[in-house]
Amino acid sequence: VRVILINKCRIDLEMQCRILAFMAERFLFYWAREYASILSRGDQYAKLVPVYSIIWFNDCLFKSDKFHCVFHISEDTTRELFSPHLELHTLELPKLGNLSPQTDPALPRWSRFLTAKSAAELEQLALEDPIMNLAKTALEQVSEDPKIQSLAHEREESLRLYEYTLTESETRGRTEGRTEGRTEGLRTTLTRLLTKRYGAI
């Protein structure tokens, strides 16, 4: 989701279910693409505004046990910011239990909304906050849309095919790896025997 705020600052909101290779680089690229898109040919650099990336993960990307991490570019020792225009927020849902009691209550509410497993959980959130009630209503409306249902079904089938392909590739890779390992072992043994018998080959 790409958002332009009233003050012209931009937000790139992303959601990611699984951690894949080069994940951090991918989201840094998304931030850079959004930042570069602010200027058109002939525009002055003064037109540039902060771009905030907010990335929800359903898996853990970082070793830290922090649920919400904020990243900037800063000098290694003094921590002086290079520019306030780059800011990346990551939220790792498996670490939700590590939230500080002093955290803004909106953050755990949205986290619970994204991880809700039942209508009762969503109903409880709707009672706690008008924004959650609005989100629940929007979710229900979207879920009843036949086109959205069709897209969701197609996505589910695509994910199932992806999982199958990934499993097949991993199995094939392990088999080929074992075969290659045996071949290399035989080659090494044969070379050693021939060298012992006839000298350097």
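The values are calculated or read from the model by the stated rules, or taken from the named source; none is laboratory data. Only a predicted model underlies this, so the values are computations on that prediction, with no experimental measurement involved. Note that we place each Cβ from the backbone using ideal geometry, even for glycine, and neighbour counts take in every protein chain shown. Quick note on the areas: whole protein, heavy atoms, side chains included, nothing else; ligands and nucleic acids left out. Shrake-Rupley method; radii C 1.70, N 1.55, O 1.52, S 1.80 Å.
Here's how it looks for D129: its modeled amide H is under 5 Å from none belonging to a residue 5 or more places away or on a different chain. A straight chain from A36 to L193 at 0.36 nm per residue would run longer than the Cα-Cα distance by 50.3 nm. Calculated accessible area for segment 5-83 comes out at 72 Å² per residue, all protein chains present (probe 1.4 Å; ligands, DNA, RNA ignored). Could you tell me the calculated FRET efficiency between E170 and N98, based on Cβ-Cβ distance and R0 = 35 angstrom, to the nearest 0.05? The value I calculate is 0.65. Taking the longest Cα principal axis of the chain as reference, the axis of helix 106-115 is set at about 50 degrees. Accessible surface of segment 133-201, 1.4 Å probe: 58 percent of it comes from carbon and sulfur atoms.
The stretch between Q44 and E156 holds 35.8 nm of extra length on full extension. This uses 0.36 nm per residue minus the Cα-Cα distance.
Considering only protein heavy atoms, what per residue accessible area in square angstrom results for segment 114-165 with a 1.4 angstrom probe?
With all protein chains present, segment 114-165 gives 79 Å² per residue.
Here is how the number arises for the chain: DSSP H runs of 4 or more residues each give -39500 (n - 2.57), the sum is divided by the residue count, and the result at 222 nm is -17500 deg cm²/dmol. Considering only protein heavy atoms and a probe of 1.4 Å, how much of the accessible area of segment 1-117 is carbon and sulfur, as a whole percent? Answer for segment 1-117: carbon and sulfur cover 59 percent of the accessible area. When Rg/Rh (Cα atoms, Kirkwood Rh) is calculated for this entry, the matching label among (i) 1.08; (ii) 1.16; (iii) 0.98 is (ii). In plain terms, the chain from I6 to M23 could stretch by 3.1 nm, reckoned as 0.36 nm per residue minus the Cα-Cα distance. Note on the chain: dipole from Cβ charges, positive end direction compared against A138, L122, L39; the farthest Cα belongs to L39. Relative to the longest principal axis of the chain, what angle (0 to 90°, nearest 10) does the C-alpha long axis of helix 130-144 take? Helix 130-144 and the main axis of the chain meet at about 60 degrees.
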